[in-house]
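First comes the structure, then the notes that go with it.
The values are calculated or read from the model by the stated rules, or taken from the named source; none is laboratory data. The model shown is predicted, which means the values in this text are computed figures rather than measured ones. Neighbour counts are summed over all protein chains in view; Cβ atoms, including those assigned to glycine, are modelled from backbone coordinates with ideal geometry. Ligands, DNA and RNA are stripped out before the accessible areas are found, and what is left, the full protein with its side chains, is counted by its heavy atoms. Shrake-Rupley method; radii C 1.70, N 1.55, O 1.52, S 1.80 Å.
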Amino acid sequence: MGGIKSYKELLIWQKGIKIVVLIYKLTNNFPKEEIYALTSQLKRASVSIPSNIAEGFGRQTDKSFNHFLNISRGSLNEIETQLIIAKELHFISDDILFNEIMFLIEEESKMINAFSKNLKD
């Protein structure tokens, strides 16, 4: 992992934190009856992204790090699916925020893929 001393230096971790913050902001307006359903699912999956990046970094082996990157990638797919469901159910009215999160998810996925490929090479 070169000269990287902390997972906090990783752009994939930083972008993961941004996704978490935006998911929390977006779900503030979800119906109260969704607090233990989609709201909770989205929050947990979003927190999983930077958490798994940090945990993988801490394992200090490329193979282990790749495993945790795969989990982060899965969480991104989970969030994307849940956001589409929430949009279809009309829980999301802020199209700008929705589109920003969807863009960040796509960007983060590409960055994780590239990072993972570099670890394997």
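Within the set (1) 15.9, 51; (2) 14.9, 47; (3) 12.7, 35, the number that Rg and Dmax of the Cα atoms in Å takes when calculated for this structure is listed as (2).
A Förster distance of 35 Å, applied to the separation of the beta-carbon atoms of R59 and E33, puts the FRET efficiency at 0.35.
Just to confirm the filter: which trypsin sites (Lys or Arg not before Pro) across region 1-48 are DSSP coil and have at most 15 other Cβ within 10 angstrom of their Cβ? Sites meeting the loop and neighbour criteria: K5. The relative contact order of the chain comes to 31 percent, based on Cα pairs under 8 Å that sit 6 or more residues apart.
At a probe radius of 1.4 angstrom, the accessible area of the chain per residue rounds to 58 square angstrom.
Checking every one of the chymotrypsin sites (Phe, Trp or Tyr not before Pro) in region 21-121 against DSSP loop status and a limit of 10 other Cβ atoms within 10 Å picks out Y36. On C-alpha positions alone, give me the angle between the axis of helix 62-88 and the longest principal axis of the chain, in degrees, nearest 10. Approximately 10 degrees, to the nearest ten.
Counting protein heavy atoms only, the chain has 55 percent of its accessible area on carbon and sulfur, 1.4 angstrom probe.
The calculated FRET efficiency for the pair K110 and Y24, based on their C-beta separation and a Förster distance of 22 Å, comes to about 0.40. At a Förster radius of 35 Å, what calculated FRET efficiency corresponds to the Cβ-Cβ distance of D94 and N66, to the nearest 0.05? For D94 and N66, the calculated efficiency is 0.50. Helix 95-120 and the long axis of the chain differ in direction by around 20°, with both axes built from C-alpha atoms.
Taking the chain as the reference, fit the longest principal axis to its C-alpha atoms, fit the long axis of helix 11-27 to the helix C-alpha atoms, and give the angle between the two in degrees, 0 to 90, nearest 10. Around 10 degrees separate the two axes.
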